[in-house]
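Here's the structure we're looking at; comments come further down.
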Amino acid sequence: MSKKTACVIGAGLGGMSAAVMLAKAGFSVKLFEKNGNVGGKLNRLQEKGFSFDLGPSIFTLPQFFRPVFEGDGKRLEDYVRLKRVDPQWRNFFEDGSVVDLYENLEDMRGELAKLGPQVFDEYRAFCEYSKIQYDITERGYFAKGLDGFWDFVKFYGFFGASKLDWSGTMAGGISKRVSDPKLRAILEYFIKYVGSSAYDSPGFMNLMPHIQLEFGLWYVEGGLYVLAEAFERRMAEVGVELHLNTEVLRIHKDEGRVKSLVVRHDQGSSQTVEADVIVSNMEVIPAYDKLLGEEQGFMKKLERFEPACSGIVLHLGTDRIYPQLAHHNFFYSENQKKHFHRVFQEGKLPDDPTIYLVAPTRSDASQAPAGCDNIKILPHIPHLGSKVPYTYEDCVALKERVVDKLERMGLTDLRKHTVVEDFWTPFDIQKKYYSNQGSIYGVVSDTRKNFAFKAPKKSDKYSNLYFVGGSVNPGGGMPMVVLSGCRAAEVIVREHARG
Ligand SMILES: Cc1cc2nc3c(=O)[nH]c(=O)nc-3n(C[C@H](O)[C@H](O)[C@H](O)COP(=O)(O)OP(=O)(O)OC[C@H]3O[C@@H](n4cnc5c(N)ncnc54)[C@H](O)[C@@H]3O)c2cc1C
């Protein structure tokens with residue numbers, strides 16, 4: 001019997017995970033990527049001896065990546081060398097205080113003593129609560145690939161998730177247990193991993209600290225892009241047919257099924273490719289809109305899957321080292337609640353954002369020339385469809401405010417010491433990856449909009465169309481999109497491998 005053909009649109013981590021799992025299950029897999037390299041937002045820029053990871057820099061939950069690399073006697077460690085990062089985060093506050101976040105609970109005892117005598121006990125209680133949120137979520141939402149509210153009710157029943165904090169907000173779950181404002185700000189900012197607001201997302205999102213504290217925060221030696229290269233190698237080994245510089249322009253459909261793709265190669269020639277199954281790593285909303293041309297009524301139903309935030313991303317090569325930096329650093333807003341409100345409720349560019357800053361040479365000297373620093377700076381900002389439109393020039397003005405803040409908070413003469421600069425705005429992110437409104441993590445987690453559910457992995461309109469990546473359950477971030485790819489492949493194998 002001839003193999004069934006699965007066509008995958010996009011070589012982000014979600015698309016590549018699905019491609020590998022389907023090829024391993026016996027499908028003939030063709031993957032089409034519009035850019036000239038794999039990885040999607042996991043991307044790299046190399047300039048003047050600096051190697052900048054353009055997208056993700058924090059690797060968590062390595063166990064979620066394992067199934068892609070396992071089989072034929074192989075394992076993840078045959079493709080990438082992982083290095084534990086500890087302290088995990090260094091946190092800088094406007095009053096000059098600095099608090100490190102360590103993986104180990106006992107290391108935190110000494111660190112939190114800086115903030116007051118009862119803070120460690122509160123932190124420990126919070127960690128127990130975070131673990132409960134993770135364990136419940138892992139058992140069903142992650143492990144079974146649950147895809148929406150009713151799946152959830154069916155799996156957990158009425159009492160199976162009674163300890164899940166679904167009625168409050170993430171910030172509420174923190175403030176109930178932690179009285180110190182600095183520790184609250186640190187725990188709230190774990191919502192960074194899904195580009196949402198701690199004040200709008202449900203309490204169970206407090207599962208995120210447990211992910212990092214229990215399973216570690218990791219670095220991929222040689223830079224995170226080595227992971228994308230590992231996926232590319234893995235695809236070649238299992239026989240995925242990869243077509244780079246090939247954009248999917250249209251999906252042909254007929255009577256509740258998708259039939260074929262129209263692709264354009266970079267030389268300009270077009271071709272129609274037949275498919276038994278299509279997997280889109282292009283996000284759900286742009287794919288239905290641009291590739292399938294769905295009518296407005298249908299698109300309206302998808303509005304609750306609003307994009308997560310976007311960001312400006314500044315990569316700097318400096319001719320000096322800033323020794324106070326750890327690998328991962330956060331410079332907090334003076335009023336983080338106001339910052340979240342401004343970005344996620346008012347839809348305005350932030351005036352005083354919490355800033356994430358990465359200095360990877362703390363774990364890997366190869367990322368910058370000797371005596372230099374490689375610095376990535378990422379404040380979160382509204383997506384392009386937010387209430388108050390902004391321009392490229394507004395992003396540049398924000399960049400200047402961010403650099404002012406960093407110079408004020410100890411990165412003296414950062415501008416003067418910059419020898420390489422690369423700057424991304426949401427306009428660039430949208431253009432490069434076709435993400436919905438320049439979102440960097442897929443769909444927002446917001447109780448009122450979607451209760452933190454993303455779109456389902458299987459189309460409810462076309463019986464052989466599936467989605468993977470940050471816009472579907474379980475959402476954005478590298479481990480989650482890989483999980484979406486693996487879970488989608490399982491469903492496809494179950495529904496389409498035969499017949
Ligand atoms: C600046 C930044 C920092 C981040 N930091 C972290 C972090 O520290 N840790 C973490 O875990 N995550 C982080 N993330 C999020 C993480 O990068 C994403 O959640 C994840 O990589 C997205 O994977 P994906 O599978 O959804 O696809 P994407 O990476 O979005 O890839 C989709 C691919 O599909 C292609 N495509 C789209 N439409 C078409 C079409 N019509 N035809 C052909 N190809 C198409 C695109 O070109 C792209 O290559 C960060 C993201 C950014 C941008």
Open item on the list: What's the magnitude of the charge dipole for region 193-297 around its Cα centre, counting Lys and Arg as +1 and Asp and Glu as -1 at the beta-carbon? Answer in Debye, nearest 20.
Closed with: 80
Task: Considering only the chain, percent of DSSP beta bridges that pair antiparallel, nearest 5 - done: 70
Task: Check: region 118-212 dipole with +1 on Lys, Arg Cβ and -1 on Asp, Glu Cβ, in debye - done: 60
- [ ] Between THR272 and ARG498, with labels modelled 7 Å along Cα→Cβ, what's the label distance in nm to one decimal, could you check?
- [x] 3.2
Task: Stretchable slack from ASP394 to ARG257, in nm (0.36 nm times residue separation minus alpha-carbon distance) - done: 44.9 nm
Open item on the list: Check which residues have an amide H placed less than 5 Å from GLY476's amide H, if you skip close sequence neighbours.
Closed with: VAL443
- [ ] Name the long-range amide H neighbours of ILE381: under 5 Å, sequence gap of 5 or more, or other chain; modelled H, no Pro or chain starts.
- [x] SER310, GLY311, ILE312
TODO: Quick one: angle between helix 119-137 and the longest Cα principal axis of the chain, in degrees between 0 and 90, rounded to 10, please.
DONE: 10
- [ ] Report the one residue of GLY476, ILE136, VAL38 whose Cα lies farthest in the direction of the positive end of the charge dipole of the chain (charges on C-beta: Lys and Arg +1, Asp and Glu -1; origin at the Cα centre).
- [x] ILE136
Open item on the list: At a threshold of 8 angstrom on Cα-Cα distance, excluding pairs fewer than six apart, so keeping six or more, what relative contact order does region 330-417 reach in percent?
Closed with: 27
Open item on the list: Check which residues have an amide H placed less than 5 Å from ASP165's amide H, if you skip close sequence neighbours.
Closed with: PHE204
Task: Where labels lie 7 Å past Cα in the beta-carbon direction, separation of GLU106 and LYS48 in nm - done: 4.6
Task: Computed label-point distance, nm, for sites LYS144 and ILE132 using a 7 Å Cα→Cβ extension - done: 2.1
TODO: Just subtract the alpha-carbon distance of SER463 and GLN324 from 0.36 nm times their residue separation and send over the number in nm, one decimal.
DONE: 44.6 nm
Task: Length added when fully stretched, ARG66-LEU82, from 0.36 nm per residue minus Cα-Cα - done: 4.5 nm
Open item on the list: Let me check against my output: what whole-number percent is the relative contact order of the chain, with C-alpha pairs under 8 Å and at least 6 apart?
Closed with: 24
Task: Using θ = phi - 60° and Karplus 6.51 cos²θ - 1.76 cosθ + 1.60, couplings along region 392-404 (whole Hz; Gly, Pro as x) - done: 4, 5, 4, 5, 5, 4, 5, 3, 5, 5, 5, 5, 4
- [ ] Using the Karplus curve 6.51 cos²θ - 1.76 cosθ + 1.60 with θ = phi - 60°, work out ³J(HN,Hα) for each residue of region 197-214 in order, rounded to whole Hz, and write x for Gly and Pro.
- [x] 10, 5, 8, 10, 9, x, x, 5, 5, 5, 5, 5, x, 4, 3, 7, 7, 7
Open item on the list: Could you work out the relative contact order of region 118-212? I mean the mean sequence separation of Cα pairs under 8 Å and 6+ apart, divided by the number of residues, in percent.
Closed with: 41
Open item on the list: Give the separation of the Cα centroids, region 468-495 to region 28-68, in Å.
Closed with: 16
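No value in this document is a laboratory result; all are computed from the given coordinates. The structure displayed is predicted, hence computed values, not measured ones. Glycine gets a Cβ as well: all are built from the backbone with ideal geometry, and neighbour counts include every protein chain shown.
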